[in-house]
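K.L.:
My questions all concern the structure below.
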Amino acid sequence: MKKLLFLASITLTIVACNTKTTFPLFNGQNLEGWHVDVPEMDTLTNTINPFIVRDGNLVSLGTPRGHLITDAEYKNYRLDIEYRFTGEPGNCGILVHASTPRALYKMFPKSIEVQMEHENAGDFWVIVEDITADNMVERRGPKESWGIIEDTNRRIENLKNGLEKPLGDWNTMVIECFKNEIKVWVNGTLANYGYNATVSSGQIAVQAEGSEVEFRKLTLTPIIELSDVQE
């Protein structure tokens, strides 16, 4: 049974990040605390692991495609990420609330993806889960096309495109998951906000999705709920 890390809910009036308990998901040395799920590695013995450690950074080589997934599950937290594309800008993503492996296209775990694709950072892609955002028809298309499985419209566009820095510079992304809400900031600007998510806990995953990406920071800070204490 996977370990579920979260703080118990209590009557709240204040919600805050407990920065004293911030910890790295990536230790800068190896992939301890993570496991790889790359379908191609099942059958091709000479296939490389697309997730490596280089110069203290976590690197997603992009191919073969798959996911690096935390062993533990998490709930109510903030992720602070620093990343950059090392070659041609392309595609990658962070998956939150991940669970059943290979639930979509026999590749993607059941989850909600926060997109890192160049010029589209902050999009949501729903993967056999769902989330709601404002102006859904404008940002997701006609309602009859929406879905959470193959061949449906799973993308909810971000609030603003082009938030990334020039190629080679480090970008920051903050993903805040609290109960059934997800907020995303890219380089300090609110890029997306979703609510009524169908899931509120799970594993965290990094994608290998065609482009080489370096991560020099992946930290998690629990979000705590403080009760209303009257003196």
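The values are calculated or read from the model by the stated rules, or taken from the named source; none is laboratory data. Quick caveat: nothing in here was measured; it's all calculated off a predicted structure. Don't worry about glycine lacking a Cβ; one is built from the backbone with ideal geometry, like all the others, and counts go over all protein chains shown.
K.L.:
Only residues that are farther than 15 Å from Lys165 by Cα and touching a Gly at 6+ places or on another chain (Cβ under 6 Å): list them for segment 73-90, please.
P.N.:
Selection gives Glu73 alone.
K.L.:
Further, regarding this structure: What pairs come out if I take residues in segment 99-125 that are at pLDDT below 95 and pair them with residues that are surrounded by fewer than 24 Cβ atoms within 10 Å (Cβ to Cβ) and in a strand (DSSP E or B) whose C-beta lies under 7 Å away, six or more apart or interchain?
P.N.:
Hits for this filter: His118/Phe85.
K.L.:
State which residue pairs qualify: first residue of a type in the set (Ser, Thr, Tyr) and inside segment 178-207, second residue outside any loop (DSSP other than H, G, I, E, B) and surrounded by fewer than 22 Cβ atoms within 10 Å (Cβ to Cβ) in any location, beta carbons under 6 Å apart, and separation of 6 or more residues or different chains.
P.N.:
Tyr193/Lys183; Tyr195/Thr132; Tyr195/Glu181; Ser201/Glu73; Ser201/Lys75
K.L.:
Can you tell me which residues in segment 148-157 are touching a Phe, Trp or Tyr at 6+ places or on another chain (Cβ under 8 Å) and assigned to a loop (DSSP other than H, G, I, E, B)?
P.N.:
Residues satisfying the conditions are Glu150, Thr152, Arg154.
K.L.:
Within segment 8-41, restricting attention to residues that are under 20 Å from the mean Cα position of the chain (by Cα) and among the hydrophobic types (A, V, I, L, M, F, W, C), which residue is modelled with the lowest pLDDT?
P.N.:
Cys17
K.L.:
Restricting to segment 139-173, and then to whatever is basic (Lys, Arg) and farther than 23 Å from Arg84 by Cβ, can you tell me which residue is surrounded by the most Cβ atoms within 10 Å (Cβ to Cβ)?
P.N.:
Going through the qualifying residues, I end up with Arg154.
K.L.:
When only residues in segment 129-160 that are more than 20 Å from the chain's Cα centre (by Cα) and aliphatic (A, V, I, L, M) count, which is farthest from Gln115 (Cα to Cα)?
P.N.:
Only one residue fits best here, namely Val137.
K.L.:
Against the condition crowded, with 21+ Cβ neighbours inside 10 Å, within 15 Å of Gly202 (Cα to Cα) and not hydrophobic (A, V, I, L, M, F, W, C), how does His35 come out, does it pass?
P.N.:
No.
K.L.:
Might you check whether a residue that is in contact with a helix residue (DSSP H, G or I) (Cβ under 7 Å, 6 or more places away or on another chain), free of Cβ contacts under 8 Å to residues at least 40 places away in the same chain and more than 24 Å from Lys106 (Cβ to Cβ) occurs anywhere in segment 142-165?
P.N.:
Yes.
K.L.:
Take the residues of segment 115-147 that are among the charged types (D, E, K, R) and part of a loop (DSSP other than H, G, I, E, B): which is nearest to Val213 (Cα to Cα)?
P.N.:
Taking the candidates together, the pick is Glu117.
K.L.:
Hey, among the residues in segment 89-114 that are part of a strand (DSSP E or B) and touching a His at 6+ places or on another chain (Cβ under 6 Å), which one's farthest from Glu40 (Cα to Cα)?
P.N.:
Ile112
K.L.:
Follow-up. Could you run through segment 175-196 and say how many residues are under 10 Å from Val96 (Cβ atoms) and over 14 Å from the mean Cα position of the chain (by Cα)?
P.N.:
Within segment 175-196, residues that are under 10 Å from Val96 (Cβ atoms) and over 14 Å from the mean Cα position of the chain (by Cα) number 0.
K.L.:
Could you check Gly62 against (1) over 17 Å from Gly210 (Cβ atoms); (2) in contact with an Asp or Glu (Cβ under 7 Å, 6 or more places away or on another chain) and say which number it fails?
P.N.:
The number of the failed condition is (1).
K.L.:
I'd like to know if segment 178-185 contains one or more residues that are among the acidic types (Asp, Glu), assigned to a strand (DSSP E or B) and surrounded by fewer than 18 Cβ atoms within 10 Å (Cβ to Cβ).
P.N.:
yes
K.L.:
How about segment 186-208: which of its residues are closer than 18 Å to Ile81 by Cβ, out of contact with any Lys or Arg (no Cβ under 6 Å at 6 or more places or on another chain) and surrounded by 18 or more Cβ atoms within 10 Å (Cβ to Cβ)?
P.N.:
Within segment 186-208, Val186, Ala191, Asn192, Gly194, Gly202, Gln203, Ile204, Ala205, Val206, Gln207 meet the criteria.
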